[in-house]
Structures are given as C-alpha cells and as structure tokens.
Amino acid sequence: MKIGVLALQGDFAEHIVMLRRLEVEACEVRLPPELADLDGLIIPGGESTTFGKLAVHYDLIVPLRQFAAHKAVWGTCAGAIFLAKDALRPQPLLQLMDITVVRNAFGRQVASFETDLDVPALRQVDPSDRPYHAVFIRAPLIESVQEQAQALASLPDGRIVAAQQGRWLATSFHPELTQDDRFHRYFIWLTGQPESLKQEVHPGG
C-alpha cells in the first residue's frame with residue numbers, strides 16, 4: 001500500500017512520519033503525475049484558501065477529483081474544508097463530500113483546544129472504547145452532513161467534527177499531532193476496502 005500526502009503547504013511531514021511508523025509507504029505529492037501509483041491520499045492541515053490557490057496553480061483540481069472517484073482521501077482541518085461541497089464563502093474547493101464546513105469556527109489560534117471524543121468507527125481498528133484525544137487548532141466545524149455523508153464524531157454539544165462518505169474522511173482536528181495512531185490506522189483500513197464502499201463524485205456548484 002502506498003499513501004500520498006498533499007505537500008503544497010501545511011503539516012504534511014507529520015502525516016508522513018505517522019504513516020511510516022505504521023510501516024506504510026508514504027510520499028509527498030505536489031504534481032498530478034505523482035498521484036498515479038497511490039492507493040490513498042491525505043490532505044493535511046494548513047490554510048485552506050492557500051491550498052485551493054496552489055491546487056489551481058498546479059492544475060491539481062481535476063486530477064484530484066479524478067483520483068478521489070476511485071480512491072480513499074482524508075482531509076484534516078484545512079484539508080476537510082478543501083474536500084467539502086460548501087465552505088460558506090468563495091474559495092477553490094474539491095467539492096467532493098456532502099458536507100458544509102465553517103472555517104475557523106472556534107476562533108483564533110489562542111482559542112485552540114484539546115478534548116476527548118467518542119468515535120465508535122475506530123473500533124474497526126481498535127476494540128477498546130477509550131476516547132480519542134483530539135487537538136483543534138484554528139479548527140473548522142462541519143456544520144452539517146447531507147446525502148451520503150455521515151457524522152463520525154461530535155463534541156458534547158452535538159457539533160460535528162468528523163465525517164465520512166464512502167472512502168472519504170474529513171476531520172476538523174489534527175490526528176497527526178498526537179501519539180494516537182488510530183485515525184491513521186482507520187484511514188489505512190478504508191484505503192484497503194473495495195471500491196464498492198462507494199463515494200459519488202458530483203462536484204457542487
């Protein structure tokens with residue numbers, strides 16, 4: 001299995017370290033040809049408008065959509081925004097997941113926080129019921145899920161912070177900044193699932 005990490009900007013190096021720790025071949029992706037031999041792709045945290053502008057500049061938008069039609073993709077923080085159909089403001093998006101995302105929903109960096117989450121889906125890779133300790137840094141919020149998307153985790157007040165649609169995954173927080181590898185193991189598991197775990201590619205307008 002080979003998983004790429006979009007390395008246009010943001011904390012791509014931390015994802016690569018985590019994947020290699022799990023003995024998965026991992027590489028940086030910056031240009032469309034580098035998608036060719038990948039089984040899955042992670043779009044890391046960073047700044048979502050910068051991601052979008054660079055993806056347009058390097059002609060990545062269409063190749064990324066084509067890749068996602070058949071492969072697993074996971075967006076963390078800014079990456080989750082980039083995957084969304086709607087970010088409630090004009091900016092380049094892949095418009096893949098049936099989710100609406102609010103940027104910087106929790107305020108500035110000084111309002112960053114950590115909290116424990118109940119994520120039942122992680123039992124797929126770890127039978128324990130221990131909570132997942134999540135790190136939120138200038139985090140977005142998944143305001144709503146529609147159509148084929150489903151909420152995976154929420155804050156105690158019900159606000160959604162993780163969602164899945166077929167083999168696409170979006171998290172508002174940064175699993176790569178913790179020592180808990182369960183989300184990476186879950187994405188590796190998703191990547192290995194058959195394409196019949198289907199996600200539909202209908203870019204939003």
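The values are calculated or read from the model by the stated rules, or taken from the named source; none is laboratory data. Only a predicted model underlies this, so the values are computations on that prediction, with no experimental measurement involved. No Cβ is skipped: glycine too gets one built from the backbone with ideal geometry, and neighbour counts run over all protein chains shown. Each accessible area value is taken on the protein alone, full model and side chains, heavy atoms only, with ligands, DNA and RNA left out. Shrake-Rupley method; radii C 1.70, N 1.55, O 1.52, S 1.80 Å.
For the chain, modelled as a GNM whose springs connect Cα atoms under 10 angstrom apart, the maximal fluctuation among Leu88, Leu31, Leu190 occurs at Leu88. Using a simple spin-label model with pseudo-atoms 7 Å out from Cα toward Cβ, Thr50 and Glu25 lie 3.0 nm apart. One Cα centroid belongs to the stretch 112-143, the other to the stretch 7-61; the line between them spans 22 Å. Once backbone amide H atoms are built at 1.01 Å from N, Leu96 has Ala84, Lys85 as its partners under 5 Å, excluding neighbours fewer than 5 places away on the same chain. With the simple model of a label 7 Å out from the Cα in the direction of the Cβ, Ala36 to Leu88 spans 4.2 nm. Restriction of the trypsin sites (Lys or Arg not before Pro) in the stretch 90-186 to DSSP coil positions whose beta-carbon has at most 12 other beta-carbons within 10 angstrom yields Arg108.
Surface composition of the stretch 13-97: carbon and sulfur atoms hold 55% of the protein heavy-atom accessible area at a 1.4 Å probe. Over the chain, the fraction of Cα-Cα pairs per 10 Å bin, rounded to whole percents and listed from the shortest bin up, is 9, 40, 40, 10, 0.
For Cα pairs less than 8 Å apart in space and 6+ apart in sequence, what is the mean separation divided by the residue count of the chain, i.e. the relative contact order in percent? All intermediate terms of the calculation are to be shown ahead of the outcome.
Working: 454 pairs, mean separation 40.4, N = 205.
The normalised contact order for the chain reaches 20 percent.
Order Ser172, Ser154, most accessible first, counting only protein heavy atoms with a 1.4 angstrom probe.
Working: Ser172 0, Ser154 45 Å².
Largest to smallest exposure gives the sequence Ser154, Ser172.
Count the DSSP beta bridges whose two residues both fall in the chain, then state the antiparallel fraction as a percent rounded to the nearest 5. Percentage antiparallel, nearest 5: 50.
Phi-derived couplings, Karplus 6.51 cos²θ - 1.76 cosθ + 1.60 at θ = phi - 60°, listed residue by residue for the stretch 28-44: 7, 10, 10, 10, x, x, 6, 7, 4, 9, 8, 9, x, 9, 10, 10, x Hz, with x used for Gly and Pro. Please give the FRET efficiency for Asp118 paired with Gln193, using the beta carbon to beta carbon distance and R0 = 30 Å, rounded to the nearest 0.05. Efficiency for this residue pair is about 0.85. Quick one: grab the alpha carbon gyration tensor of the stretch 1-108, order the square roots of its eigenvalues as a ≥ b ≥ c, and give me rounded if a/c is under 1.5, else prolate or oblate depending on whether a/b is larger than b/c. Because a/c hits 1.5 or more and a/b exceeds b/c, the stretch 1-108 counts as prolate. Selection among Thr76, Leu64, Phe187 by position relative to the dipole of the chain gives Leu64 as farthest towards the positive end (Cβ unit charges, Cα centre).
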